[in-house]
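For reference, the structure discussed in these notes is given below.
Coordinate-derived values only; no laboratory data. The model shown is predicted, which means the values in this text are computed figures rather than measured ones. Here the Cβ positions follow ideal geometry from the backbone for every residue, glycine too, while neighbour counts run over all protein chains shown.
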Amino acid sequence: MTDSRDPFAGGLPALDGTRVRLRAIRPPDDPDLLAVFGDAHHLRYWSHGPLADLAAARQYREGIEAGTRDRSLFQWAITEPADDRLVGTTTLGSWDQKNRRADIGFILRPDHAGRGLASDAVRTAIRFGIREMALHRVEADVDPENEASIRLLERLGFQREGYFRERWFTFGSWKDSAMYGLLAADLAG
Ligand SMILES: CC(C)(COP(=O)(O)OP(=O)(O)OC[C@H]1O[C@@H](n2cnc3c(N)ncnc32)[C@H](O)[C@@H]1OP(=O)(O)O)[C@@H](O)C(=O)NCCC(=O)NCCS
């Protein structure tokens, strides 16, 4: 791939996983975005608090759309092809084209957890990142107490590479980060 090739020239491409389909987030998804990002307990390991209402969901979506436009953040809706409803999101961010790395984020609505949908979605986004964005390395910054996320990352081949103390000030206290990394050749599944 040459530096001039832009895999996002036509917007965020739809990607098919084994059981999920990733696609761009659209205005009709706002209520489902609120369902994913509206619960404080579910977001206890996230970098920001819950969305308050539909207006906040719309604003959040508009930020996601701007991220695609300026190539700073690529956040896909996680859907199941049967009904095309947004049940979570997965994100490639901090794209460093020179050093061919990016970071990954993911979230699933709690009532869709425990079925492997998030793993499938994250694997699909990373595969795209490797093939179309020429990523050599993907990074994840996780709360060390976030066991479900750590299981997901390790299942995909991520290794724990570091531990940063008090990296985030969220919800009124300092939080540590476990830093995970995956090299392109190590992606499992
Ligand atoms: C992190 C999060 C997305 C994980 O969701 P999840 O559904 O547990 O993740 P997976 O898709 O990997 O599914 C794994 C579970 O499905 C089960 N499963 C069933 N079929 C499976 C399959 N085909 N493949 C993989 N796992 C499967 C696994 O056994 C596993 O269950 P377990 O956790 O009881 O061991 C979810 O907990 C979440 O949204 N958390 C809040 C947001 C957050 O903290 N995000 C991370 C910030 S870094």
ask   = So what J values fall out for the stretch 166-182 if you push phi through Karplus, 6.51 cos²θ - 1.76 cosθ + 1.60 with θ = phi - 60°, rounded to Hz, Gly and Pro as x?
value = 6, 7, 10, 10, 10, 6, x, 8, 7, 10, 7, 10, 8, 9, 10, x, 10
key: Where a label projected 7 Å from the Cα of ALA113 along Cα→Cβ would reach, residues of the stretch 143-169 with amide N under 17 Å   = 143-155
task = Please report LEU15, LEU22 as a ranked list, fewest other C-beta atoms within 10 angstrom at the top and most at the bottom.
result = LEU15, LEU22
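Fully extended, how many nm does the chain gain between SER94 and ALA52 (0.36 nm per residue separation, minus their Cα-Cα distance)?
Length gained between SER94 and ALA52: 12.5 nm.
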remark   = Which of ALA35, ALA24, ALA55 fluctuates most in a GNM of the chain (C-alpha springs under 10 Å)? That residue is ALA55
ask   = Which FRET efficiency value, to the nearest 0.05, is calculated for ARG85 and ALA9 with the Förster distance at 22 angstrom and r the Cβ-Cβ distance?
value = 0.20
inquiry  = Please list, short to long, the whole-number percent of alpha-carbon pairs of the chain in consecutive 5 angstrom bins beginning at zero.
reply    = 1, 8, 16, 21, 21, 18, 11, 3, 0
